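So the structure is just underneath, and the comments pick up after that.
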Amino acid sequence: MNFTKFPPLVQVPPSKDKTPKHLISKKYKHWRWRMFIGMYLGYTIFYFTRKNISPALPLISEKLDIDLIQLGILSSVFYVVYGIGKFVSGLLADRANIRMFMAIGLFLASIIHLFIGFLDSLYLIVFFWGLNGAFQSMGFPPIAKGLVHWFSPRERATKWTVLSSSHTAGTFGVGLLVAGIINLYNKGIVGWEAVFYVPGIIGCLTAIFLFIALRDRPVSLGLPEIEDHRRDRPVVELIEKSKSHWKLLKTHIFTNKFIWLLSLANMFIYIIRFGTLDWATIFLYDIKGIDQVKVAIFWTLMPLAGIPGGIVAGYLADKFWNGRCVPINVIYLVLLTFSIMGFYFYSGSNNIILTGVFLLLIGFLIDGPQNLISGVQTSRVTVKEAISAACGMTGLFGYVGATLSGVGLAYITASFGWMAMYGVCALSSILCLILVLMTYKKEKGHS
């Protein structure tokens, strides 16, 4: 690699050196695999520097004397900044270099982790954890852009959900990492700050790998558009190529009612996701009487089950519904509603097996709708030239839901109890289902 010519931050223009026809398939195969593996590993490690705090919450609460509401504030500040940042990053990523955008975001997020664990002030931790949220928001928009430019509509549900399992793999991986760190801390081998600086070191190294491995769009390498190569046209095509970026956003994002419906649906799915994931550690430890190490291990079950859950949803959407997502989302959301209430009523130290089963079910069932709604379905109701902005929009609403799962669910739990909290999660699943159904005709190609 030639480091004397630093890659641009802006989108790389189409290469003047076109790939010969007999080499297009071979070159596409090489770069599709390289881009996929790079984006998968990169987003996995983004989660190492994002979700490392969740399984350590009981320990952090004890060490810094933080109560339930303060923990909610810490979570909500991150989600507010991340949600806004994801929207802004989405607007920028459509015109940015996939390679540089993602690598820089991970590197800056990782740098913060090298010292945040040594802060002893709640306010400073909240500030820097919020700053981490801003850099974390640079992770998914370039991936969304990469997916629609490197993979065609008929294969996208499978590819998108497989790649989206990276966040689940990251959550699972960092759960095991933090559980190991807590075990070493209990033995006096490391300080509790290691839950921050170990993921930070891993993140910095991965950012360097992304810089080396990734590239921008296929046309920047002299390849044809993916739709031309795969002979697969998008559901929604950009008719006026000369439109300004603002007009494109106005037409295909801000006045697109289906983007708004999916954004609201994503808000409810994120209330469920973070309500069941982030608060499960406190619920199982304080209410159900399960010890810290077991809680950390239990916490990894949800993301572990989410990997096959999301992939199966994408495969079924491609296999039986030609990439349409509404049917499989409805099935998943109905089952998810019952699983949430089952976990509340039947989990506990006396029902270890059932606790694990319901956590596995919730994890399996939540990843399908989350990955499909905020990504695949969104890509099917707008043009690919605005996909990062569209995913930024659904992501913004998702993290409105995540914010509500922080302070909002903390207030509901403190005021009305844990049954009310899990009741809100079940109701959110039902509302999400209704909103998803309202996009059924559009997904079939009818406005």
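The values are calculated or read from the model by the stated rules, or taken from the named source; none is laboratory data. The structure displayed is predicted, hence computed values, not measured ones. Positions of Cβ are backbone-derived with ideal geometry, glycine not excepted, and every protein chain shown enters the neighbour counts. The area values use the complete protein model at the heavy-atom level, side chains included, leaving out ligands, DNA and RNA. Shrake-Rupley method; radii C 1.70, N 1.55, O 1.52, S 1.80 Å.
Quick notes on this one:
- Some residue of segment 198-215 being buried (at least 18 other Cβ atoms within 10 Å of the Cβ), of a type in the set (Gly, Ala, Ser), modelled with pLDDT under 90 and in a helix (DSSP H, G or I): no
- Matching residues, segment 423-447, being surrounded by 23 or more Cβ atoms within 10 Å (Cβ to Cβ) and under 21 Å from Leu359 (Cβ atoms): Cys425, Ser428, Ser429, Cys432
- Qualifying residue in segment 81-100 (condition: among the β-branched types (Val, Ile, Thr), assigned to a helix (DSSP H, G or I) and surrounded by 24 or more Cβ atoms within 10 Å (Cβ to Cβ)): yes
- Candidates Phe118, Phe107: the one that is open to solvent by 10 Å² or more (accessible area, probe 1.4 Å), aromatic (Phe, Trp, Tyr) and in contact with a helix residue (DSSP H, G or I) (Cβ under 6 Å, 6 or more places away or on another chain) is Phe107.
- Yes/no for Ile111 being among the β-branched types (Val, Ile, Thr) and under 20 Å from Asn371 (Cβ atoms): no
- Test: residue in segment 388-397 that is of a type in the set (A, V, I, L, M, F, W, C), in a helix (DSSP H, G or I) and over 16 Å from Leu261 (Cα atoms): no
- The single residue among Ala157, Ala103, Ala134, Ala144 that is touching a residue at least 40 places away in the same chain (Cβ under 8 Å), part of a helix (DSSP H, G or I) and more than 17 Å from Cys391 (Cα to Cα) turns out to be Ala103.
- Restricting segment 338-351 to residues that are more than 21 Å from the chain's Cα centre (by Cα) and in contact (Cβ under 8 Å) with a residue 24 or more places away in the chain leaves a set whose member that is nearest to Gly375 (Cα to Cα) is Ser339.
- Test result for Leu74, within 24 Å of Thr300 (Cα to Cα), aliphatic (A, V, I, L, M), at pLDDT 90 or above and buried (at least 17 other Cβ atoms within 10 Å of the Cβ): no
- Residue check for Thr19: polar (S, T, N, Q), out of contact with any His (no Cβ under 6 Å at 6 or more places or on another chain), open to solvent by less than 60 Å² (accessible area, probe 1.4 Å) and more than 28 Å from Val295 (Cα to Cα): yes
- Those helices (runs of 4 or more DSSP H) lying entirely in segment 260-358 with at least 3 residues over 26 Å from Thr158 (Cα atoms): 292-299, 326-346
- If you filter segment 278-297 down to residues that are of a type outside the set (Val, Ile, Thr) and surrounded by fewer than 23 Cβ atoms within 10 Å (Cβ to Cβ), you find that the one that is nearest to Val77 (Cα to Cα) is Phe283.
- Taking residues in segment 63-90 that are without any contact (Cβ under 8 Å) to a residue 12 or more places away in the chain, and partners anywhere that are aromatic (Phe, Trp, Tyr) and open to solvent by 10 Å² or more (accessible area, probe 1.4 Å), not one pair has Cβ atoms closer than 6 Å while being at least 6 places apart or on different chains.
- Filter result (of a type outside the set (Val, Ile, Thr) and either buried (at least 20 other Cβ atoms within 10 Å of the Cβ) or in a helix (DSSP H, G or I) (or both)) within segment 121-131: Leu122, Tyr123, Leu124, Phe127, Phe128, Trp129, Gly130, Leu131
- Restricting segment 51-62 to residues that are in contact (Cβ under 8 Å) with a residue 40 or more places away in the chain and out of contact with any Phe, Trp or Tyr (no Cβ under 8 Å at 6 or more places or on another chain), the residue that is farthest from Leu210 (Cα to Cα): Leu57
- Look at segment 305-329: where a residue is hydroxyl-bearing (Ser, Thr, Tyr) and a partner is part of a helix (DSSP H, G or I) and open to solvent by 30 Å² or more (accessible area, probe 1.4 Å), sitting 6+ places away or on another chain with Cβ atoms under 7 Å, you get Tyr315/Thr158.
- In segment 257-270, the condition of being at pLDDT below 75, open to solvent by 20 Å² or more (accessible area, probe 1.4 Å) and either among the acidic types (Asp, Glu) or farther than 22 Å from Pro58 by Cβ (or both) is met by no residue.
- Taken over segment 307-348, residues that are of a type in the set (A, V, I, L, M) and closer than 25 Å to Met421 by Cα amount to 8.
- Pick from segment 235-256, criterion modelled with pLDDT of 70 or more and not in a helix (DSSP H, G or I), ranking: most open to solvent (accessible area, probe 1.4 Å): Thr255
- Listed by first and then second residue, the pairs linking a residue in segment 180-205 that is farther than 25 Å from Gly42 by Cα to a residue that is part of a helix (DSSP H, G or I) and at pLDDT 90 or above, with Cβ atoms under 7 Å apart and 6 or more places separating them unless they lie on different chains, form an empty list.
- Check on Ile182, among the aliphatic types (A, V, I, L, M), buried (at least 17 other Cβ atoms within 10 Å of the Cβ), out of contact with any His (no Cβ under 7 Å at 6 or more places or on another chain) and farther than 25 Å from Ala402 by Cα: yes
Conditions tested, residue by residue: (1) surrounded by fewer than 24 Cβ atoms within 10 Å (Cβ to Cβ); (2) modelled with pLDDT of 85 or more; (3) not small (Gly, Ala, Ser).
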| position | (1), (2), (3) |
| --- | --- |
| Leu361 | yes, yes, yes |
| Pro369 | no, yes, yes |
| Arg380 | no, no, yes |
| Val383 | yes, no, yes |
| Ser405 | no, no, no |
